[in-house]
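Worksheet: the structure to be examined is printed underneath.
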């Protein structure tokens, strides 16, 4: 005698009931990075290990999710659909973890944060000091990364919180699924050698008067480079001669100090007390930079993440006066 299933719509042989979240994450990484080699390098695996796990995922799904295109692999139509659902599944898991943590109220575990150089030097240390006192069971890990890279990494769940910046005349694109909170707004000023003729008197300096100068700035396509280019064109009416490029403040200051360049930098970069440098406002109008944090909306309720955001807010409130 045949027995009817109690739940006739549940197929115990459905392969999708066995999908592995780790392998789904690899599929998302491949969608974002484009090659197996790039996924392997980013995650610390060998390319063969990544390929093997993706083949297992295909067996779990029961369909081909990858196809060879020349020397590269790409997602099939089924792979694109699976990646879209994988993104939702992983977001749901993170939301569940955050909600459970919020119920417990425990500030513990690990929070991975990234910051650009000036934030690493000025905002992160006092925040870490406060967190060590308030929440000794919390582990915070820091990596110095430029915002362009970090905002992509947080979307892939490689880090939990980004400290990023946005310059006037160089807005950043929106990132779906991220919550942004402003920490501070600061002035951006001209940095000249102390003995520069335009530095005399201490007043504001017109960008147009530096049209013939050599400039130092960030590497393209950094936001600092876009800001410098846009400010000189829109306010000064010229295209700057950017001869030197670096993301290191010490390098930029050294180039200015030695008379080889001028630049535009925010107040958090420092230099105010350096007698070899002259910091001057821009005569054509004020320039500013906004510093903000970004977290994934799915993880925002984690008490540990909320504690880190609060500590960074406190550190920002104690920093230099913000722009008007």
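The values are calculated or read from the model by the stated rules, or taken from the named source; none is laboratory data. A quick note: this is a predicted structure, and the numbers were derived from the prediction, not measured. So basically every Cβ, Gly included, is an ideal-geometry build from the backbone, and we count neighbours across all protein chains shown.
In segment 52-66, is there at least one residue being closer than 16 Å to residue 160 by Cβ and in a helix (DSSP H, G or I)? Within segment 52-66, not a single residue is closer than 16 Å to residue 160 by Cβ and in a helix (DSSP H, G or I).
Annotation: of all residues in segment 200-215 being touching a helix residue (DSSP H, G or I) at 6+ places or on another chain (Cβ under 8 Å) and either modelled with pLDDT under 95 or part of a helix (DSSP H, G or I) (or both), the one that is surrounded by the most Cβ atoms within 10 Å (Cβ to Cβ) is 207. The single condition from (1) at pLDDT 80 or above; (2) surrounded by 12 or more Cβ atoms within 10 Å (Cβ to Cβ); (3) touching a helix residue (DSSP H, G or I) at 6+ places or on another chain (Cβ under 9 Å); (4) closer than 21 Å to residue 153 by Cα that residue 34 fails is (3). Selection of segment 223-251 for residues being assigned to a helix (DSSP H, G or I) and in contact with a helix residue (DSSP H, G or I) (Cβ under 8 Å, 6 or more places away or on another chain) yields 223, 231, 232, 235, 236, 249.
Yes or no, residue by residue, for (1) over 19 Å from the mean Cα position of the chain (by Cα); (2) surrounded by fewer than 16 Cβ atoms within 10 Å (Cβ to Cβ):
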position	(1), (2)
260	yes, yes
264	yes, no
268	no, no
273	yes, yes
287	yes, no
293	no, no
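When we screen 128, 123 for residues that are at pLDDT 95 or above, buried (at least 19 other Cβ atoms within 10 Å of the Cβ), within 22 Å of the chain's Cα centre (by Cα) and in the same structural domain as residue 304 (by TED's automatic domain parsing), the only hit is 123.
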